[in-house]
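A.B. asks: Just passing along the structure, written as structure tokens.
The values are calculated or read from the model by the stated rules, or taken from the named source; none is laboratory data. Not measured: the values here are computed from a predicted model. A quick note on method: Cβ atoms are made from the backbone with ideal geometry, for glycine too, and the neighbour counts reach across all protein chains shown. Each accessible area value is taken on the protein alone, full model and side chains, heavy atoms only, with ligands, DNA and RNA left out. Shrake-Rupley method; radii C 1.70, N 1.55, O 1.52, S 1.80 Å.
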Amino acid sequence: MAASEKNVRERTEEIERQVLCERATLAASTKGREKEEESDQLRTCFQQDRDRIVHSKSFRRLKHKTQVFFSPEGDHYRVRLTHTLEVDQIARTSARALRVNEDLTEAIALGHDLGHTPFGHLGEEALSPFLDRPFRHNEQSLRVVDHLERDGQGLNLTWEVRDGILNHTWSMPLPSTLEGQVARFADRIAYVNHDIDDAIRAGVIEAGDLPTDSVGVLGARHGERINTLVTDLVEQSEGMAEIGLSPPVQGALERLRDFLFERVYLRSEARAEQQKAVELVRSLFAYYLDHPEGVPTEYLSTPGDLPTRIADYIAGMTDRFALRTYEQLFLPQGWLL
């Protein structure tokens with residue numbers, strides 16, 4: 001076929017073959033979708049996946065889901081959506097510099113947290129006792145795109161995007177693509193740095209509390225630390241079979257993460273409020289076990305037993321919807337005459 005006869009998607013695929021590095025994932029070489037589809041005239045398969053994620057209901061709900069702080073006073077704290085956008089920005093910058101597939105990287109970054117519960121990781125803690133397995137948000141993210149979106153039809157994403165979403169957490173195997181590995185690092189770089197920023201804004205810690213050895217390696221300011229991390233990631237990963245950081249930079253990042261667990265995530269002062277969130281979610285789950293008719297019908301047609309479907313429903317709730325539902329179910333709604 002002559003170049004003039006190619007459609008826009010085919011021209012984009014040709015540009016990928018010419019520009020991307022040897023180990024990059026080409027859209028034209030995708031392992032495909034579970035349900036075969038006709039190719040789009042304008043967009044590659046990874047561009048389609050990105051667009052499907054952005055237009056999904058679960059993506060929109062991220063704007064009202066906790067990142068670290070519950071209903072904080074002030075407009076500048078991160079929520080799950082702004083976290084996702086910061087991951088996307090870091091992932092795209094890294095992918096472009098490394099000449100791997102930016103569209104695939106972006107689709108993974110935008111979809112990685114779709115399965116997060118209300119109230120952050122506390123929601124996972126609350127749901128696990130009701131299931132025959134630990135509730136993991138990465139597995140739920142895959143369930144969202146495979147089964148829960150589009151009224152149970154799922155988004156029918158490509159194998160590469162699904163692999164990156166499932167394996168973006170560090171407890172899972174390494175993502176199969178370099179693009180998935182970039183998104184995995186971008187997630188950790190983003191949350192470690194923006195959670196520090198939010199904790200300082202909230203008065204939980206001060207900038208001077210940060211480990212001095214990490215500050216010495218990465219920098220004292222938020223933007224400086226991210227620039228150091230992304231620059232090091234690109235320099236260390238160029239032409240390599242795996243994405244990675246240099247040992248000094250990796251160590252500095254991990255020490256900051258350990259610091260956050262000690263001083264922010266698991267601080268004793270917050271445990272009472274955190275426990276309230278856990279008990280709220282567990283109360284909702286116990287209620288729907290006794291009243292399955294209260295679960296919307298769209299969740300009752302998905303694969304799995306009743307507890308799994310209840311977990312689907314509750315995990316999809318925003319913080320404020322969970323609070324409002326709890327109030328309606330368990331608190332007096334005014335005097336009845």
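A.B. asks: Are there helices (runs of 4 or more DSSP H) fully within the range 258-329 with at least 1 residues that are at pLDDT 95 or above? List them.
C.D. replies: Answer list for the range 258-329: 271-290, 306-315.
A.B. asks: Before we move on, is Gln275 polar (S, T, N, Q), open to solvent by less than 70 Å² (accessible area, probe 1.4 Å) and touching a Gly at 6+ places or on another chain (Cβ under 8 Å)?
C.D. replies: no
A.B. asks: Residue under question is Arg99, and the condition is that it be out of contact with any His (no Cβ under 7 Å at 6 or more places or on another chain), open to solvent by 10 Å² or more (accessible area, probe 1.4 Å) and on the phi > 0 side of the Ramachandran plot; does it hold?
C.D. replies: In short, yes.
A.B. asks: Would you confirm whether or not the range 299-319 contains a residue that is open to solvent by 60 Å² or more (accessible area, probe 1.4 Å) and more than 27 Å from the chain's Cα centre (by Cα)?
C.D. replies: Scanning the range 299-319 turns up no residue that is open to solvent by 60 Å² or more (accessible area, probe 1.4 Å) and more than 27 Å from the chain's Cα centre (by Cα).
A.B. asks: Phe285 - would you say it is farther than 26 Å from Asp195 by Cα, out of contact with any Asp or Glu (no Cβ under 6 Å at 6 or more places or on another chain) and open to solvent by 80 Å² or more (accessible area, probe 1.4 Å)?
C.D. replies: For Phe285, the condition - farther than 26 Å from Asp195 by Cα, out of contact with any Asp or Glu (no Cβ under 6 Å at 6 or more places or on another chain) and open to solvent by 80 Å² or more (accessible area, probe 1.4 Å) - is not met.
A.B. asks: Which count do you get for residues in the range 5-45 that are part of a loop (DSSP other than H, G, I, E, B) and either closer than 17 Å to Ala107 by Cβ or touching a strand residue (DSSP E or B) at 6+ places or on another chain (Cβ under 7 Å) (or both)?
C.D. replies: The number of residues fulfilling the criteria is 14.
A.B. asks: So which of Thr105, Thr66, Thr82 is open to solvent by 20 Å² or more (accessible area, probe 1.4 Å) and within 17 Å of the chain's Cα centre (by Cα)?
C.D. replies: Thr82
A.B. asks: Looking at Glu38, Glu22, Glu5, can you tell me which residue is out of contact with any helix residue (DSSP H, G or I) (no Cβ under 9 Å at 6 or more places or on another chain) and at pLDDT below 95?
C.D. replies: Going through Glu38, Glu22, Glu5 in turn, the sole match is Glu5.
A.B. asks: I'd like to verify a number: residues in the range 150-166 that are open to solvent by 10 Å² or more (accessible area, probe 1.4 Å) and either in a loop (DSSP other than H, G, I, E, B) or touching a Pro at 6+ places or on another chain (Cβ under 9 Å) (or both), how many?
C.D. replies: Count: 7.
A.B. asks: Which count do you get for residues in the range 205-232 that are open to solvent by 40 Å² or more (accessible area, probe 1.4 Å) and touching a residue at least 40 places away in the same chain (Cβ under 8 Å)?
C.D. replies: Total meeting the criteria: 2.
A.B. asks: Please count how many residues of the range 11-27 are out of contact with any Leu (no Cβ under 8 Å at 6 or more places or on another chain) and surrounded by 16 or more Cβ atoms within 10 Å (Cβ to Cβ).
C.D. replies: Residues meeting the conditions: 1.
A.B. asks: Which of the following residues is under 13 Å from the mean Cα position of the chain (by Cα) and modelled with pLDDT under 95: His121, His137?
C.D. replies: His121
A.B. asks: Next question. I'm told Ser237 meets every condition in (1) in contact (Cβ under 8 Å) with a residue 40 or more places away in the chain; (2) open to solvent by 20 Å² or more (accessible area, probe 1.4 Å); (3) polar (S, T, N, Q) except one. Can you identify the failing condition by its number?
C.D. replies: Among (1) in contact (Cβ under 8 Å) with a residue 40 or more places away in the chain; (2) open to solvent by 20 Å² or more (accessible area, probe 1.4 Å); (3) polar (S, T, N, Q), Ser237 violates only (2).
A.B. asks: Looking at Ile205 and the list (1) under 22 Å from Phe69 (Cβ atoms); (2) outside any loop (DSSP other than H, G, I, E, B); (3) more than 17 Å from the chain's Cα centre (by Cα); (4) at pLDDT 95 or above, which single condition is not satisfied?
C.D. replies: (2)
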